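Here is the structure we will look at.
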Amino acid sequence: MIKKLLIANRGEIACRAIRACRELGIISVVVCSDIDLDSLAAQLADESYCIGSAQAKKSYLDIASIIATAKAAEADAIYPGYGFLAENAEFAEACLNEGLIFVGPSPEAIRDMGDKAVARQTMKKAGVLIIPGTEDVIEDIGQASEAAQAIGYPVLIKASAGGGGKGMRVVDRPEDLEREIRQAMQEAERSFGNSGVYLEKYLTSARHVEIQIMADQYGEVVHLGERDCSTQRRHQKLLEESPSPVVDENLRQQMGKAAVLAAKAVNYAGAGTVEFIVDREKNFYFMEMNTRIQVEHPVTEAVTDTDLVKAQLLVAGGSHLPWRQQDIRVKGWAIECRINAEDYRHGFIPCPGQINIYRPPKLENVRIDSAVFENCNITPFYDSMIAKVIAWGASREEAIKRMLMALEDFKIEGVQTTIGLHEKVLSTEAFRQGKIDTSYLENHLEEILKA
């Protein structure tokens, strides 16, 4: 068992990990930047240490400082959460080299699945269907042009080392390809320190459906059903739900088996998510694997009655999985809305500032994951997320109704938020009928805002 855990993250995921530590009797330690000294995570943890200034590269991305702090605090494990160093193979390797447990997969698995081009090759060898695309990263424009013609327009440019919509471009016409590739490469270099990009066929009217998996160190892997993440803007998720409106039990089992196969192909251990694209005919194709816990993991916990963060800590400490595949049952429906400090009416620009009033809803079967409180500041240095609202219902209709009630009761003043946008999206006929695909919000945002 892990006895003392250093949490190398901030915000709501740090608070989430602290809660899991309390339930398991693990001493919690957080590292924080100087601007986060009074954060909720720093207040809740058993111990907290300042490791640098507000700039992430001088604090939350400083591998040497984080490991030195873990050693000084006599922690025996490090929890990366999501973002920052969560999918950094060098960080995982550095932890292991210092005799620290890394709560996550092996450095080799992170490398294999973190490089999207390598992941595609790995999945192809494992017999998992992949979206038609280039085998390797693009070396020159001529090669890209030939590949795009063979794949067929529209094509999607994707950063090999990326995520979160960075370094991604949809190209409809051959004459736009070179410009978009160069822009995608520049953005990928800025965001990930790696300019590599590759091409995929862009599937229209498709759904983004992902499978949550959990694996232990003894080769056991289970899947915990699917999440539908099709409500997104510029390839960034706004709202997630589980299960998916387009997935039946047969398709769920097929996708689950493919996800388990993907995990076993790289000897995976820990929590991970295998992301698929599902077309109109319900064919599904591997997109990528995220080698970490996901922001949207609570909807899976809500419908499967599990605690994925506690499972992460148990598995990392050497325990077997707390459940078998036959123990996993999907019950009811859950929806998660990400509440950000953004002005959604003006290009979703971040709106940092002080939260003067913060009154989360208190309703049955509504969960709030957050790290903010009244009079705290949303800084311009990090993600603008204020809270995640998770609503569960016996049916999808009940979950939608409960979420709308929760959003109406959620009072936040001092900064602009995306609560109003979520209320509008949930009220659209397309969402209520489960017909939103990955391009719907982008194509209909103007009319949704006017409603």
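The values are calculated or read from the model by the stated rules, or taken from the named source; none is laboratory data. These figures come from a predicted structure and were not determined experimentally. We place every Cβ from the backbone using ideal geometry, glycine too, and count neighbours over all the protein chains shown.
Things to note:
- The condition of being touching a Ser or Thr at 6+ places or on another chain (Cβ under 9 Å) and of a type outside the set (Asp, Glu) does not hold for Gly393.
- Val330 among the hydrophobic types (A, V, I, L, M, F, W, C), within 18 Å of Ser242 (Cβ to Cβ), under 18 Å from the mean Cα position of the chain (by Cα) and assigned to a loop (DSSP other than H, G, I, E, B): no
- Qualifying residue in the stretch 398-421 (condition: among the hydroxyl-bearing types (Ser, Thr, Tyr) and in contact with a helix residue (DSSP H, G or I) (Cβ under 6 Å, 6 or more places away or on another chain)): yes
- Exactly one residue out of Gly347, Gly353, Gly272, Gly256 is at pLDDT 95 or above, surrounded by fewer than 21 Cβ atoms within 10 Å (Cβ to Cβ) and assigned by TED's automatic domain parsing to the domain that holds Val415, and it is Gly353.
- Scan of the stretch 356-376 for residues that are crowded, with 17+ Cβ neighbours inside 10 Å, more than 21 Å from the chain's Cα centre (by Cα) and assigned to a strand (DSSP E or B), ordered by number: Tyr358
- Residue check for Gln312: over 15 Å from the mean Cα position of the chain (by Cα) and either under 22 Å from Glu12 (Cα atoms) or crowded, with 20+ Cβ neighbours inside 10 Å (or both): yes
- Sole residue being modelled with pLDDT of 85 or more, crowded, with 20+ Cβ neighbours inside 10 Å and not in a helix (DSSP H, G or I), chosen from Gly99, Gly167: Gly167
- Whenever a residue of the stretch 337-364 is in contact (Cβ under 8 Å) with a residue 24 or more places away in the chain and on the phi > 0 side of the Ramachandran plot, its partners that are outside any strand (DSSP E or B) and surrounded by 19 or more Cβ atoms within 10 Å (Cβ to Cβ), lying with C-beta atoms within less than 6 angstrom and at least six residues away or across chains, give the pairs Gly353/Val415.
- Single match in Leu203, Leu199, Leu156 (criterion: in contact with a strand residue (DSSP E or B) (Cβ under 9 Å, 6 or more places away or on another chain), part of a loop (DSSP other than H, G, I, E, B) and either buried (at least 17 other Cβ atoms within 10 Å of the Cβ) or free of Cβ contacts under 8 Å to residues at least 40 places away in the same chain (or both)): Leu203
- Condition broken by Gln43, with the remaining ones in (1) assigned to a helix (DSSP H, G or I); (2) more than 24 Å from Val295 (Cα to Cα); (3) of a type outside the set (A, V, I, L, M) satisfied: (2)
- Scanning the stretch 50-60 for residues that are more than 18 Å from Met385 (Cβ to Cβ) and surrounded by fewer than 18 Cβ atoms within 10 Å (Cβ to Cβ) yields Cys50, Ser53, Gln55, Lys57, Lys58.
- Some residue of the stretch 433-451 being hydroxyl-bearing (Ser, Thr, Tyr), touching a Phe, Trp or Tyr at 6+ places or on another chain (Cβ under 6 Å) and touching a residue at least 24 places away in the same chain (Cβ under 8 Å): no
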